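These notes are about the structure you will find just below.
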Amino acid sequence: MATPSKTPPGADPKQLERTGTVREIGSQAVWSLSSCKPGFGVDQLRDDNLETYWQSDGSQPHLVNIQFRRKTTVKMLCIYADYKSDESYTPSKISVRVGNNFHNLQEVRQLEMVEPSGWIHISLLDGANSPIRTFMIQVAVLANHQNGRDTHMRQIKIYTPVEDSSMGKFPRCTTVDFMMYRTIR
C-alpha cells in the first residue's frame, strides 16, 4: 500500500466517507476502458492501491466508462494522479461527461491539471447545486503532460450523498464502528 504522505492531509476521499455524508458507489457500476495494456486495466484502477494504475494503449482520447444499472445520484468523482511517478503519462486535461448512454453524453466538467499530486475532487452538481442523476459517467483524458501518448490513472472513486434518516430523532452515525447500527430492520 502507498505511503499516506502522497495524499495531502484532508484530501483523502475515505475521510469524507467516515463523516457519513457520502458513500462510494463504484462497485455498483459496470466499468469499461477504451484500451489498456495487459495487467493494467479496471482491476488496478479500482483496487484501492495507489501504487497500481490503469495504463491506456491507443490513441487519445482515453476513456473510462462507468455505467449504472439504474439512474443513480452522484455527488462527486475523485481521481488520484501523481505527476512525480507518472510524468508524461499524467493527464493534463480531463473531461467528465454524463448521460443515459454513449449516444447522449453531455460534458459537465472540464479540468486542466498542472502536475497533480494526490486526490482531485470533481463535484458533479446540476444548475440548482444538487447532485446529478445519471445512468452513465465517462471520464475522457484529452491530453497528457509533456504531450504524452498513453495515460496512467491510479484510482477513481464515485460518491453519492447519504440520505438523511426519515426518523429525525436518530442522530447521524459518524464513525465506522456505528455505521452498521444506523438503519432499523
Assuming Arg133 fulfils every condition listed in (1) out of contact with any helix residue (DSSP H, G or I) (no Cβ under 9 Å at 6 or more places or on another chain); (2) modelled with pLDDT under 95 apart from one, which condition is it?
-> (2)
Under 23 Å from Asp47 (Cα atoms), modelled with pLDDT under 95, β-branched (Val, Ile, Thr) and in contact with a helix residue (DSSP H, G or I) (Cβ under 9 Å, 6 or more places away or on another chain), is that true of Val114?
-> no
Taking the condition at pLDDT below 95, in a strand (DSSP E or B) and among the hydrophobic types (A, V, I, L, M, F, W, C), does Ala11 pass?
-> no
Note on the stretch 111-130: residues over 15 Å from Met153 (Cβ atoms) and assigned to a loop (DSSP other than H, G, I, E, B) are Val114, Glu115, Leu124, Asp126, Gly127, Ala128, Asn129, Ser130
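Residues checked against (1) within 13 Å of the chain's Cα centre (by Cα); (2) of a type in the set (Ser, Thr, Tyr); (3) part of a strand (DSSP E or B):
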position	(1), (2), (3)
Asp47	yes, no, no
Thr52	no, yes, no
Ser59	no, yes, no
Ile66	yes, no, yes
Thr72	no, yes, yes
Leu77	yes, no, yes
Lys84	no, no, no
Glu87	no, no, no
Of everything in the stretch 144-162 that's in contact (Cβ under 8 Å) with a residue 60 or more places away in the chain and not in a strand (DSSP E or B), which residue is farthest from His62 (Cα to Cα)?
-> Val162
Of all residues in the stretch 68-102, count the ones that are crowded, with 17+ Cβ neighbours inside 10 Å and not aromatic (Phe, Trp, Tyr).
-> 18
Does Arg154 meet the test of being among the charged types (D, E, K, R), surrounded by 14 or more Cβ atoms within 10 Å (Cβ to Cβ) and in contact with a Leu (Cβ under 6 Å, 6 or more places away or on another chain)?
-> yes
Residue that is surrounded by the most Cβ atoms within 10 Å (Cβ to Cβ), among those in the stretch 20-54 that are under 21 Å from Thr72 (Cα atoms) and among the β-branched types (Val, Ile, Thr) = Val22
Yes or no: Gly148 farther than 27 Å from Lys14 by Cβ, open to solvent by less than 60 Å² (accessible area, probe 1.4 Å) and at pLDDT below 95?
-> yes
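The values are calculated or read from the model by the stated rules, or taken from the named source; none is laboratory data. These figures come from a predicted structure and were not determined experimentally. Cβ coordinates were reconstructed from backbone atoms using ideal geometry, including for glycine residues, and neighbour counts include every protein chain displayed. Just the protein is used for accessible areas: all its heavy atoms, side chains included, with ligands, DNA and RNA removed. Shrake-Rupley method; radii C 1.70, N 1.55, O 1.52, S 1.80 Å.
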